[in-house]
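Notes to accompany the following structure.
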Amino acid sequence: MTNRRTFLTLGASAAAASLGGVPTIAAAQLTPSCTQPWPVGVKTTPFTVPYGQTFHNRISAYDPSYNWTRLKKAYAAMRALPASNPRSLAAQQNVHAWYCQQCMGEPPPNDIHGRWTFFVWHRMFLYFHERILGLLVNDVTLRLPYWDWENAAHQNLPPQYYQGSLNDTTRELQPGHSVQRGDLPCCSPPPWHPNLITGTPADVGLDFTGIGGTATSSGNVEVSSHGYVHMSVGGANGDMGNLETAAGDPVFFAHHGNIDRIWYSWEQVSGNVDPAGLGAIGPYTFYDGHAWRTITGNQVMPTTKLGYAYDTKVPPAAKFRVKFPILLQQNRILRPLPPEQVRTVTAAPEVTVSLSEIQFSGTGAFNVVAKDAAGTHNIGTFFVVPHGKHAMNKTGSANVRFVVPAATAKLLAQPGTTIHLVHAAGRQLTATPPTPARLQGMTLSVR
């Protein structure tokens, strides 16, 4: 297939795969076909657990015991298949693009992103992708590794992803560079980035609306760590930087393995129960290596139904001791907090600001700021991964949270302060002036 910038011949990869070896160079960016992944009129059957499926943990890409030779061999075989084969990497990329707004296969409000479908659909996708890889090397015990970028020692992309069939030449993130950086090549001016190390345990400590969203809005994980890592790895022009092409980069699956692990960690916290509505999500259609299957949300919760768990969990941050709802009139703080609550906020070493259903239009980085007579004050930034040419004006809402210093929290407890949104960056977009934010609510919380 030709891509929109460069074409590299895959002959070497195909030859190596056919011989069971690992190619020395990987393909450049693929181009999704934006066609329905399953043939029109094809028979689909409901998913059932494959006969003989055994249980195995997914482990970190930094675990020295991980079998990289097997994974590279599997991706070499996957790359060697023609795009018309549903097991090929090009076809796998197209599955993700099709279910995005990019291809309009699932147009709003049914895009798999931007709502609680995000967790469920990607868990399905990882499972079927992993199964195809295993079948390609005749070893269905193969499990994808996860990239645990919330670990301070693991913030560089694992070096194996720059080798052979795991490489993607379009990445902005270079070997030896941390995914956690102060600015992004896709975004100008530099946004205030999330702290992946401290932010991920904080996400696991949220309720489901906060971490995973609702039927109509994103949770914080999707528009914080998920979006930030996509844009940091892919930049403005790489596969990972755009949802139409992201699943053509093998690191997509290591990244989403960690996203799934974050949800899994939340599910393991005592008292947490997935919303009943998640079970009704779907059915969605995937190829399992032999046939086209339909699957629903209740078939992927818990992960043990799919024959896997994770060897480690992200420990949740401590629960909030107190929460103070802020009364808003549109984007203006209407009433001050009582003095004793203000003292609690200002005495805390840090305060979490939660914004419910803040609306946005477009993709890229969005800075949330507060304005008062003294000027403009940063609250935080969230990230909506570009969706391709069909979604330049994508609209949505998100439930986001930011950690702010006590001085900023005190400002947010005062009447007259207003909340604004700055579209800081996006494909074909320069920074815009602050516009009044549209949101459903705001809360200040202290641990």
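The values are calculated or read from the model by the stated rules, or taken from the named source; none is laboratory data. All of these numbers come straight from a predicted model, not from anything done at the bench. Don't worry about glycine lacking a Cβ; one is built from the backbone with ideal geometry, like all the others, and counts go over all protein chains shown.
In this structure, is Gly235 out of contact with any strand residue (DSSP E or B) (no Cβ under 9 Å at 6 or more places or on another chain) and under 26 Å from Pro64 (Cα atoms)? So Gly235 fails the test. The condition of being free of Cβ contacts under 8 Å to residues at least 24 places away in the same chain and not polar (S, T, N, Q) holds for only one of Leu71, Leu89, Leu81, that being Leu81. Lys305 meets each of the listed conditions (1) outside the structural domain of Thr214 (by TED's automatic domain parsing); (2) basic (Lys, Arg); (3) at pLDDT 95 or above apart from (1). Checked against the criterion of being surrounded by fewer than 15 Cβ atoms within 10 Å (Cβ to Cβ), among the small types (Gly, Ala, Ser) and in the same structural domain as Gly199 (by TED's automatic domain parsing), region 48-64 has at least one qualifying residue.
Within region 127-165, track down each residue that is aliphatic (A, V, I, L, M), part of a helix (DSSP H, G or I) and surrounded by fewer than 24 Cβ atoms within 10 Å (Cβ to Cβ). Hits for region 127-165 are Leu135, Leu136, Ala152, Ala153.
Going by the structure shown, is Gly289 in contact with a Leu (Cβ under 7 Å, 6 or more places away or on another chain) and either surrounded by fewer than 20 Cβ atoms within 10 Å (Cβ to Cβ) or not assigned by TED's automatic domain parsing to the domain that holds Val95 (or both)? Yes: the conditions hold for Gly289.
Evaluated against (1) of a type in the set (Lys, Arg); (2) under 23 Å from Leu243 (Cβ atoms); (3) modelled with pLDDT of 65 or more, Arg70 falls short on exactly one condition, (2). Put simply, of Pro283, Pro250 the only residue that is in the same structural domain as Tyr51 (by TED's automatic domain parsing) and farther than 25 Å from His154 by Cα is Pro283.
The residue pairs whose first member lies in region 285-299 and is without any contact (Cβ under 8 Å) to a residue 60 or more places away in the chain and part of a strand (DSSP E or B), whose second member is surrounded by fewer than 20 Cβ atoms within 10 Å (Cβ to Cβ) and not aliphatic (A, V, I, L, M), and whose beta carbons are closer than 8 Å, counting only pairs six or more residues apart or on different chains, do not exist in this structure.
Taking the criterion of being surrounded by 15 or more Cβ atoms within 10 Å (Cβ to Cβ), of a type in the set (Ser, Thr, Tyr) and closer than 18 Å to Gly257 by Cα, the residues of region 292-323 that qualify are Thr303, Tyr308, Tyr310, Thr312. Checked across region 147-160, the condition of being closer than 29 Å to Thr35 by Cβ and over 17 Å from the mean Cα position of the chain (by Cα) holds for no residue.
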